[in-house]
Structure formats: C-alpha cells, structure tokens
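Read the structure below first, then the notes.
The values are calculated or read from the model by the stated rules, or taken from the named source; none is laboratory data. The structure presented is a predicted model; accordingly, all values stated were derived computationally and were not measured. Note: ideal-geometry Cβ built from the backbone for every residue, glycine included; neighbour counts use all protein chains shown. Quick note on the areas: whole protein, heavy atoms, side chains included, nothing else; ligands and nucleic acids left out. Shrake-Rupley method; radii C 1.70, N 1.55, O 1.52, S 1.80 Å.
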Amino acid sequence: MIRKMKTNVESMEQEMKRLTSKMSSISNKCEHLEGALETNRDKMENLVGVNRLLQRLQFLFELPHRLKKSIQMKAYSQAVRYYKVSHKILKRYKSIASFSKISSDSASIIEKLTKILKNLLQDPDENPLAKMENAGLLLSLHEP
C-alpha cells in the first residue's frame, strides 16, 4: 500500500510538471498572439474612429435633406432634434465653406419650420396637446 502511494505521488509529480510545462507553453503562445493582435487591434480602433467620424460627416451633409423630409412628414420634433444635434458643430466649423452652406441651408429650413409651428399655435382647430408640443419645440429653438 505504501509503495502504491509512493508510485501515485511520483506519477502525480510528473503529471504536475507536465501540466505546468503545458500551461507555460500556452501562456507563451497567448503572449505571442496578443503581441501579434495588438497592431491589428490598434488599427481596428483607428478604423472604428474614422468610421464614426465619417458617419457624423455624412449626417451633417444630409442634414438639409433630413430636415426637409421631416417637415414634409410633419415630424417636427425630429427635425428640431436633428437641427439641435448638428447646430453647434456647424457653428464651430462655419469657416469651412461646405459647413457654412449646410448651416445656412439648415437655418433657412428651420426658419420655415418656425413659421409653420407659429401658425399651428394660432390655428384654433389644432389639438391643445399638439399646440403644447409645438410651443415646446419653439422654445427649444429659442423662439419667443
């Protein structure tokens, strides 16, 4: 029985050494893979950042069309939300010709929207809840 236990302990020691060796090997391979993937990870993060920037630019370039479409669909709150999201950015970069054009086009569209909202406030047939929403939209556009 003691010999059997001694044999079991010795075999366990060998198994532990083999397991430790395999774990060390796996750890080394993981470190190597991490190093190899690090450059790809950095590239991916960079590409994700560029993609976000391109999406934002695309949104800005489509803004006048989006505003017109929202007004056409009578989605006035959506138009105001689009304008408010982009207004500060356009104002900051108004020295760039394309942004200046987008800003002026958007401002004229919002001016038309403001007139529509004011007319709806004056309309006696308009739903009182809709009037409240329209008044809130005017306030969010800083209109009296």
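Which of the residues belonging to region 65-94 are open to solvent by 20 Å² or more (accessible area, probe 1.4 Å), over 27 Å from residue 131 (Cβ atoms) and of a type outside the set (Ser, Thr, Tyr)?
Keep residues of region 65-94 that are open to solvent by 20 Å² or more (accessible area, probe 1.4 Å), which gives 65-66, 68-69, 71-78, 81-85, 87-89, 91-94.
If we keep only those that are over 27 Å from residue 131 (Cβ atoms) as well, we get 65, 88-89, 91-94.
Result: 65, 88, 89, 91, 92, 94.
When you look at residue 61, is it more than 26 Å from residue 136 (Cβ to Cβ), among the aromatic types (Phe, Trp, Tyr) and open to solvent by less than 40 Å² (accessible area, probe 1.4 Å), yes or no? Before you say what the answer is, go through the steps one by one.
Details: more than 26 Å from residue 136 (Cβ to Cβ): yes; among the aromatic types (Phe, Trp, Tyr): yes; open to solvent by less than 40 Å² (accessible area, probe 1.4 Å): no.
No.
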Inset, instruction - Go through 104, 100, 108, 86 for me and flag whichever is part of a helix (DSSP H, G or I) and in contact with a helix residue (DSSP H, G or I) (Cβ under 7 Å, 6 or more places away or on another chain). - result: 86
Inset, instruction - Would you mention how many residues in region 95-144 are touching a residue at least 40 places away in the same chain (Cβ under 8 Å), among the acidic types (Asp, Glu) and open to solvent by 80 Å² or more (accessible area, probe 1.4 Å)? - result: 1
Legend entry - Failed condition for residue 125, given (1) modelled with pLDDT under 90; (2) in a helix (DSSP H, G or I): (2)
Legend entry - Count of region 49-83 residues which are assigned to a loop (DSSP other than H, G, I, E, B) and touching a residue at least 40 places away in the same chain (Cβ under 8 Å): 0
